[in-house]
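Every read-out reported here was derived from the displayed coordinates using simple, explicitly stated rules and does not represent laboratory data. All figures in this text were calculated on a predicted structure; none of them were measured in a lab. All Cβ positions, glycine included, derive from the backbone under ideal geometry; neighbour counts span all protein chains shown.
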Amino acid sequence: MESTKALRALAALAQDTRLALFRRLVKAGSAGLAAGRLAEALGVPPATLSFHLKELAHADLVAARQEGRFLIYTANYATMNALLAYLTENCCADSAGACATPACTPRATAARRAPTSAHRTKRIQRSRA
């Protein structure tokens, strides 16, 4: 990612409503949300929501698709991951410490399940190590 694109994305996210909007879309996953549902969830008037969605789209952080009469908005995970990778590309470069993986991939909505007890046990064991 070029620094100008990173700056555009960071500037778009540097506002309370837009940050909350983007985080809500990330939470929704690849299914996305209709504009009306987003407005309800965030308590934002439709005109204000349109303005903020335009700013996020200009930074390539969200995309829209038409489904019947509705516009469905989704987070652009490729841009999100590129931004995270850009921000962390030199992480710990000057130290011997290990860094966390910088990017994530969205899970399919159908694949989301509550963690089993085996997963919880592994997580507890890792946190104690």
When a footprinting reagent is the concern and you count Cβ atoms within 10 Å, what order do SER30, SER3 take, fewest first? SER3, SER30
Amide hydrogen neighbours beyond the local backbone of ASN76, cut-off 5 Å, H modeled: VAL62, ALA63
Using each residue's phi in segment 42-50, evaluate 6.51 cos²θ - 1.76 cosθ + 1.60 at θ = phi - 60° and report the 3J(HN,Hα) Karplus result to the nearest Hz, with x for Gly and Pro. 9, x, 10, x, x, 5, 5, 4, 4
Candidates per trypsin sites (Lys or Arg not before Pro) in segment 18-85, loop by DSSP, up to 12 other Cβ within 10 Å: ARG69
Could you tell me the distance between the Cα centroids of segment 55-91 and segment 1-40, to the nearest Å? 7
Quick calc, LEU42 & SER3: beta-carbon distance into FRET formula, R0 30 Å, rounding 0.05, result 0.50
What are the ³J(HN,Hα) couplings of segment 78-89, residue after residue, when phi is run through the Karplus curve with 6.51, -1.76, 1.60 and θ = phi - 60°? Round to Hz, x for glycine and proline. 4, 5, 4, 5, 5, 5, 4, 5, 4, 5, 10, 4
For LEU87 and GLU67, what is the calculated FRET efficiency with R₀ set at 30 Å and r taken between the beta-carbons, to the nearest 0.05? 0.35
Under the Karplus relation 6.51 cos²θ - 1.76 cosθ + 1.60, θ = phi - 60°, what is the ordered set of whole-Hz ³J(HN,Hα) values for segment 19-31, x standing for Gly and Pro? 5, 4, 4, 5, 4, 5, 5, 4, 5, 5, x, 5, 5
Would you calculate the separation in nanometres between label points at HIS58 and ALA31, each defined as 7 Å from the Cα along the Cα-to-beta-carbon direction? 3.2
